[in-house]
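Input: a single structure, listed below in structure tokens.
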Amino acid sequence: MTDRPRTGPAPSRVAIENVRPRIECGRFPIKRTVGEPVVVTAEVHADGHDLLRADLRYRRAGAPEWSSVPMTPRGNDVWEGVFEVSMLAPCEYTVVAWPDRFRTWQRDLGRRADADQVTDVDLAIGAALVEAAAGRATGADQVLLATEADALRTGPLAARVSRARLPGLTAIMDRYPDDRGAARHEPPLGVDVDRERARFSAWYELFPRSAGPDGRHGTLADVAARLDGIAAMGFDIVYLPPIHPIGRVKRKGRNNQPEAGPEDVGSPWAIGAREGGHDAIHPDLGTLDDFRALVARARALDLEIALDLALQCAPDHPWVREHPAWFRSRPDGTIQYAENPPKKYEDIYPLDFETDDWRALWDAILAVVEFWVDQGVRVFRVDNPHTKPYAFWEWLIARVRQRTPEVFFLAEAFTRPKVMRRLARLGFSQSYTYFTWRNTRHELTEYLTELTTTDLADSFRPNFWPNTPDILPEPLQVGGRAAFALRVLLASTLGASYGIYGPAFEQLEARALRPGGEEYLDSEKYEIRDWPDDHPESLRELITRVNRIRRAHPALQSTGGLRFIPVDNEQLIAFAKHDADGRDTLIVVVNLDPHHAQSGWLDLPLDALGLADRESFQVHDLLGDARYFWSGARNYVALDPGAQPGHILAVRRRVRTERDFDYYL
């Protein structure tokens, strides 16, 4: 029990509860990109019967002044307001609410008027409220309110009552509220603001050393020469696995053999050799000038180069010699190599983040990231972030983005759900997902519903990858070209961001190292691969078409706005995607069976599509350019995976001209 205050204003009568969105009571910010709306709801109520007013206030974090928009009551004491994130900087928002004395007086005056009980005293109370507002106003509004106050005091009673209830007076009084007794939600809630590509992007992964012609060791110049083709396919980000010198000590051979031959090039993730460490470039790839030229060429094509941030070292990395305290020693004096029993990775030494010298280690990693930022890199894919401390990531990402807000990080964390969620909350702008292993309709529906309808939607931005250099899922091993096609179609339409392990996916690489495993035979992680441009079954045309549709349709530029559509065949999945304004809607139907044709009946949500019951309309398949005439909610689809595994359908409503000519818009 606390003592009541003996001086100052009385405590507010208003309660503000359950402000949403909010993550862990405001411990972490929500995520938005520039131009996105933030829809805020709150439960606002007070004792008694006074009408209330609630404002949503927002500002750049730490700015002296707040912007304000009125909130709207939605029933049952729930209020809603919306503001738009307008700049690439952290911002914050809160809710302020107070008893609306003027509107309460207006309401009660109307009740008295209906009962013929209005007195001069009642109008004098309102006149005093208007006069007080005149004192808060300026310019013409001040003069107008003063005039209205005088008019409420004199003249025929009925005329004064009518004047008091005019909407125009209410509107001007709203501009100068009497917010005595206001309650404020504290502390303000944060918004982590990214640029658009953190929300909507298509990634293409490419090993630079495999970019050369005829199996020759590729260079950064060879990568630059491939950018035109990647840009033409509609990708936004070209992600390069580590480009640093590769260790020679304990180097792995082909197919992860423990012994390397003289020609084996090793794993790019075994970072560091006598030529340098994380801030150096493998000499066979080129020079720092070559890298800057690559970044510039990508920028000219509206592409970005994403680098891999893998915080681990080869045994011959300079840090092993210069900072032995940054690594964990075993009782026999040797350094602990990476392992996930029974797997051993003798070519990699993990960093010891529990070292007494942790501050110097953190600073060294920050220096590495800022070095590459200075070379023009604005996107980093982080290798296994779940094996490094949470506090480190929160610190590192905040420091980097404070200096360069355009930078964002993708977390490659195939780990437990709550760990992935935590990393996203700590600052990772995008995250790998379980999509790679979600194949049935039930699995996909359940997983996407979780991502889009829980609080994950405000902090966890999924990036869907059908494959990676580490993961060749079984459906791709056995499903043929149709399996690759349906998986890229799902990845690119269910999520706003997706990626492919480039040439291997394009060219249907499906050879596994061993039955039941997910490792590639002749994995590019350990050897140079030659990927010819003239593969007869290449998916390049389909991928290009899908990316073109994504760019043309805002409905596909957000992971939200997803609604699954019932269909009577478990081998078919159907869903609608809407943009935030509801102006763009697409229907996607995919055959999940790569081996057989499947058909079924959809039950369309006509209300969500803006269609009337039994209305006839046309759907235009943006993939194959076919057009179908549908009517009402129940409609038939048939998909042969050998021809086309899915539809991306735009709804065209019938429009009749003055000359009774029908066309579809």
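The values are calculated or read from the model by the stated rules, or taken from the named source; none is laboratory data. None of these values were measured; they are calculated from a predicted model. Here the Cβ is made from the backbone with ideal geometry for all residues, glycine too, and neighbour counts use every protein chain on show. When the accessible area is computed, the model is the full protein with side chains, heavy atoms only, and any ligands, DNA or RNA have been set aside. Shrake-Rupley method; radii C 1.70, N 1.55, O 1.52, S 1.80 Å.
Within the set of pairs 6+ apart or on separate chains, which have a first residue in region 125-143 that is modelled with pLDDT of 95 or more and open to solvent by 80 Å² or more (accessible area, probe 1.4 Å), a second that is in a helix (DSSP H, G or I) and aromatic (Phe, Trp, Tyr), and C-beta atoms under 9 Å apart?
Ile125/Trp105
Restricting to region 546-566, what's the tally of residues that are open to solvent by less than 20 Å² (accessible area, probe 1.4 Å) and free of Cβ contacts under 8 Å to residues at least 60 places away in the same chain?
2
So which pairs qualify, if the first residue must be in region 281-298 and of a type in the set (Ser, Thr, Tyr), the second must be open to solvent by less than 10 Å² (accessible area, probe 1.4 Å), the Cβ gap must be under 9 Å, and the two must be at least 6 apart or on different chains?
Every condition considered, the pairs that remain are Thr287/Leu220.
Tell me, please, whether a residue that is open to solvent by 30 Å² or more (accessible area, probe 1.4 Å), part of a loop (DSSP other than H, G, I, E, B) and at pLDDT below 95 can be found in region 614-623.
yes
Across region 252-284, what is the number of residues that are under 33 Å from the mean Cα position of the chain (by Cα), assigned to a loop (DSSP other than H, G, I, E, B) and among the aliphatic types (A, V, I, L, M)?
The qualifying residues number 3.
Conditions: (1) within 28 Å of the chain's Cα centre (by Cα); (2) buried (at least 21 other Cβ atoms within 10 Å of the Cβ); (3) outside any helix (DSSP H, G or I). Asp302 meets all but one. Number of the miss?
(2)
Among the residues that make up region 95-118, is at least one of them open to solvent by 60 Å² or more (accessible area, probe 1.4 Å), assigned to a loop (DSSP other than H, G, I, E, B) and either in contact (Cβ under 8 Å) with a residue 24 or more places away in the chain or not β-branched (Val, Ile, Thr) (or both)?
The answer is yes, given that some residue of region 95-118 is open to solvent by 60 Å² or more (accessible area, probe 1.4 Å), assigned to a loop (DSSP other than H, G, I, E, B) and either in contact (Cβ under 8 Å) with a residue 24 or more places away in the chain or not β-branched (Val, Ile, Thr) (or both).
Collect the residues in region 169-195 that are loosely packed, with under 15 Cβ neighbours inside 10 Å and over 17 Å from Pro70 (Cβ atoms), keeping them in residue-number order.
The answer is Arg180, Glu186, Pro187.
Which of the residues spanning region 63-77 are open to solvent by less than 70 Å² (accessible area, probe 1.4 Å) and on the phi > 0 side of the Ramachandran plot?
The one that is open to solvent by less than 70 Å² (accessible area, probe 1.4 Å) and on the phi > 0 side of the Ramachandran plot: Gly75.
Taking the condition assigned to a loop (DSSP other than H, G, I, E, B) and either surrounded by fewer than 22 Cβ atoms within 10 Å (Cβ to Cβ) or within 35 Å of the chain's Cα centre (by Cα) (or both), does Gly229 pass?
When the stated conditions are applied, Gly229 does not pass them.
Within region 366-394, track down each residue that is within 19 Å of Pro350 (Cβ to Cβ), assigned to a helix (DSSP H, G or I) and without any contact (Cβ under 8 Å) to a residue 40 or more places away in the chain.
Of everything in region 366-394, those that are within 19 Å of Pro350 (Cβ to Cβ), assigned to a helix (DSSP H, G or I) and without any contact (Cβ under 8 Å) to a residue 40 or more places away in the chain turn out to be Leu366, His386, Thr387, Tyr390, Ala391, Phe392, Trp393.
Consider only pairs whose beta carbons are under 7 Å apart and that are at least six residues apart or on different chains; among these, list those whose first residue lies in region 427-445 and is over 10 Å from Asn463 (Cβ atoms) and whose second residue is open to solvent by 10 Å² or more (accessible area, probe 1.4 Å) and part of a helix (DSSP H, G or I).
Correct list of pairs: Gly427/Glu394; Gly427/Ala398; Tyr434/Tyr447; Arg438/Tyr447; Asn439/Pro475.
Within region 354-370, is even one residue among the basic types (Lys, Arg) and open to solvent by less than 50 Å² (accessible area, probe 1.4 Å)?
no
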